[in-house]
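Worksheet for the structure shown next.
The values are calculated or read from the model by the stated rules, or taken from the named source; none is laboratory data. Small disclaimer: the values here were computed from a predicted structure and weren't measured. Neighbour counts are summed over all protein chains in view; Cβ atoms, including those assigned to glycine, are modelled from backbone coordinates with ideal geometry.
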């Protein structure tokens, strides 16, 4: 507990410096509300009940997009490693779409899927898909021959080897890919909600920014930061549980 | 074909075909028979294709030319009749020792209760009692190899194929493991094909040592290495020393050829 508090003490220091910089007039409160005001704004939003439903709407989009990407991405990546024909078919698609900044697709998803949830979910799905496909492919590709041979001479069929050996052996890389995708999902979530949306945390940031209610805008930004932070910490905890055999 | 041969290799040749490189001629017209319950060591300089031959018998790679029969049946793929022990253990790192040993038993359909009992029996046999729930990462090299041997023995294969199983271990551990392997072999009496480049290890463990030439690997000579006396003391006996030095002299030229080929 004390150790955790110490570890995050730089954050406290940052908050104090933020507060001090505005109070002393070093930074004008017209462009940066003091930290205390942002906290107050956060409290107001939280008790009026607006913040949590909005944050939840955003989280739901991220979770659905990421969930779909995990299901399809790991399957595609592992099948690519397993079967040369599938690899030959999918590889050019990956090479084509990998360098594309996925935010460039925001207008397209809005055009095709409207202003609501679906356009955001599809965008997050597309953005998260490739890193997961690539990491699953690399993980499955890198499985040592002798592990597969061991399993085969211990009575496993080719199909059993896929589930019993390739998937668990590739798991560290698959999970690392998913962690990258998790970060991407937040970037795409907020930026797509910025541009056009009817609700969500990104929508709120944009709205308060336009209205000039900066303490609330910063409150929302801090909320996104916290959401991203906790999502990543939770995932790391999960990873450590699943990969306990590596300790 | 000869009756009683557990493994019959006939005129097998093999090339490695690395992508975008010239194919490597690994085995040339190799013929070899291993009798039922015989312990044969395959000895040769590194890179002579002895491991390749073992993998072909294991069914891990397609056979280009010639044929391999195990108990009279043509080898077309891997199977639980041939248990394999690899130099680098090849344990499943995400499974505990018990999980590793249970894996094959579950695959071949041994009922749960019985599988547990059999797994425990072999874990005890290789002196890993108390480490059932340890992951391979938490074990020393010698313990990993003992776990791998238990995993292979548990499914009771007719034939043990061992690819330099003690090559990654320190000298002391290797000595202990050799003793354990001999005592297990005397109790279970399996057919063993044991690949090594260690002359003393081959002469000590095996009933017969088969020597291979440098690449492309051919069978050079087969030497009977049974002695009247058992136990590690035999290694100091004149007849042991004589046999080992004879084999060493035969192999030495091949080893030099390998080193020279590498240097050029």
Fill in the blank from the handout: Of the residues in the range A:144-160 that are more than 7 Å from chain B (Cβ to nearest Cβ) and crowded, with 19+ Cβ neighbours inside 10 Å, the one that is farthest from residue B:81 (Cα to Cα) is A:148
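For every residue, the table says whether it meets (1) in contact (Cβ under 8 Å) with a residue 40 or more places away in the chain; (2) surrounded by fewer than 18 Cβ atoms within 10 Å (Cβ to Cβ); (3) over 16 Å from the mean Cα position of the chain (by Cα).
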{"residue": "B:174", "(1), (2), (3)": "no, no, no"}
{"residue": "B:192", "(1), (2), (3)": "yes, no, no"}
{"residue": "B:197", "(1), (2), (3)": "yes, no, no"}
{"residue": "B:200", "(1), (2), (3)": "yes, yes, no"}
{"residue": "B:203", "(1), (2), (3)": "yes, no, no"}
{"residue": "B:218", "(1), (2), (3)": "yes, no, yes"}
Practice task
Might you let me know whether the range A:125-143 holds any residue that is within 9 Å of chain B (Cβ to nearest Cβ), closer than 30 Å to residue B:154 by Cβ and in a helix (DSSP H, G or I)?
Solution key: no
Exercise for the section: Please indicate, with yes or no, whether at least one residue in the range B:189-202 is over 18 Å from residue B:50 (Cβ atoms) and part of a helix (DSSP H, G or I). Expected result: no
Practice task
Read through the list (1) part of a helix (DSSP H, G or I); (2) surrounded by 17 or more Cβ atoms within 10 Å (Cβ to Cβ), then give the number of the only condition that residue A:33 fails.
Solution key: (1)
Practice task
Return the total of residues in the range A:175-209 being under 12 Å from residue A:61 (Cβ atoms) and assigned to a helix (DSSP H, G or I).
Solution key: 10
Problem - Odd one out for residue A:187, checked against (1) over 20 Å from residue A:243 (Cα atoms); (2) surrounded by 17 or more Cβ atoms within 10 Å (Cβ to Cβ) - result: (2)
Exercise for the section: Kindly indicate whether residue B:137 is in contact with a helix residue (DSSP H, G or I) (Cβ under 9 Å, 6 or more places away or on another chain), surrounded by fewer than 18 Cβ atoms within 10 Å (Cβ to Cβ) and either at pLDDT 95 or above or within 14 Å of another protein chain (Cβ to nearest Cβ) (or both). Expected result: yes
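For (1) touching a residue at least 12 places away in the same chain (Cβ under 8 Å); (2) surrounded by 17 or more Cβ atoms within 10 Å (Cβ to Cβ); (3) out of contact with any strand residue (DSSP E or B) (no Cβ under 8 Å at 6 or more places or on another chain), each residue gets a yes or a no:
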| position | (1), (2), (3) |
| --- | --- |
| A:54 | yes, yes, yes |
| A:58 | yes, yes, yes |
| A:61 | yes, yes, yes |
| A:65 | yes, yes, yes |
| A:69 | yes, yes, yes |
| A:72 | yes, no, yes |
| A:76 | yes, yes, yes |
| A:104 | no, no, yes |
| A:109 | yes, yes, yes |
Completion exercise
If you go through A:228, A:177, the only one that is in contact (Cβ under 8 Å) with a residue 40 or more places away in the chain and over 22 Å from residue A:18 (Cβ atoms) is A:177
Exercise for the section: Could you list, in sequence order, all residues of the range B:118-155 that are without any contact (Cβ under 8 Å) to a residue 24 or more places away in the chain and farther than 20 Å from residue B:179 by Cβ? Expected result: B:120, B:130, B:138
